[in-house]
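Here's the structure we're looking at; comments come further down.
The values are calculated or read from the model by the stated rules, or taken from the named source; none is laboratory data. Owing to the predicted nature of the structure, the values given are computational and were not obtained by experimental measurement. Counting neighbours? That spans all protein chains shown, and the Cβs are built from the backbone with ideal geometry, glycine included.
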Amino acid sequence: MSAQLIFDTAPLGAIIRYSDGTSRPPERHRRKLQAWERQNNTGRLVKRQAGTVVGETAIPASFTLHEGDFGSLAVIVLRVFRTFSVDSALAFSISEQPAPGSVLVLDRPGDAGELVHVALNRQAADEWLSGHGYPNAIMHEVTADEVAAETGKGRAA
């Protein structure tokens, strides 16, 4: 899939795989492997941003993937995000979609909202929110109809 199709069809919370099409180098080539991993990885779709024009510069639409967290003893020190333009030449695919019944927690309402957590159910989302500081958070429960519709979009594309 192209980056544009991911932007158009992938649901928030989906696990997205991206690749430049090259083969993985051997483990012993650490630098080459690290460079390869920067172009071939996975992440959870957490945000979409529409294209805009600033002055005379056109900024294309983009989406952001959460690639992981680093820390110790349940304290996150670093969160890794990667943003892709819809013009990206990388190949993308949807590896996993949010399960029906799961709850997406967004940091704020509207198009600017960013996914901050995926909970198994409403109770787990409420418990997670009580321990984290998102006063304007909204919760969205994933329905089976949404998953079926998104799957149909992905297959048609």
Index of the failed condition, LEU73 passing every other in (1) in contact with a Phe, Trp or Tyr (Cβ under 7 Å, 6 or more places away or on another chain); (2) over 22 Å from MET139 (Cα atoms); (3) at pLDDT below 95:
(1)
Tell me whether the range 38-47 contains one or more residues that are without any contact (Cβ under 8 Å) to a residue 24 or more places away in the chain and either under 21 Å from LEU104 (Cβ atoms) or not hydroxyl-bearing (Ser, Thr, Tyr) (or both).
yes
For GLY21: the one exception among (1) in contact (Cβ under 8 Å) with a residue 40 or more places away in the chain; (2) buried (at least 17 other Cβ atoms within 10 Å of the Cβ); (3) of a type outside the set (S, T, N, Q); (4) touching a strand residue (DSSP E or B) at 6+ places or on another chain (Cβ under 7 Å)
(2)
Scan the range 49-75 for residues that are surrounded by 10 or more Cβ atoms within 10 Å (Cβ to Cβ) and of a type outside the set (Gly, Ala, Ser) and jot them down.
GLN49, THR52, ILE59, PRO60, PHE63, THR64, LEU65, HIS66, GLU67, ASP69
Taking into account only those residues within the range 139-157 that are charged (D, E, K, R) and loosely packed, with under 13 Cβ neighbours inside 10 Å, which is modelled with the highest pLDDT?
ASP145
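Scan the range 76-99 residue by residue and report those that are closer than 17 Å to LEU115 by Cβ and surrounded by fewer than 17 Cβ atoms within 10 Å (Cβ to Cβ).
Residues of the range 76-99 closer than 17 Å to LEU115 by Cβ: 76, 79-84, 94-99.
Of everything in the range 76-99, those that are closer than 17 Å to LEU115 by Cβ and surrounded by fewer than 17 Cβ atoms within 10 Å (Cβ to Cβ) turn out to be ILE76, ARG79, VAL80, PHE81, ARG82, THR83, SER95, GLU96, ALA99.
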Under the condition of being of a type in the set (A, V, I, L, M, F, W, C) and surrounded by fewer than 15 Cβ atoms within 10 Å (Cβ to Cβ), which residue from the range 105-138 is nearest to VAL46 (Cα to Cα)?
ALA112
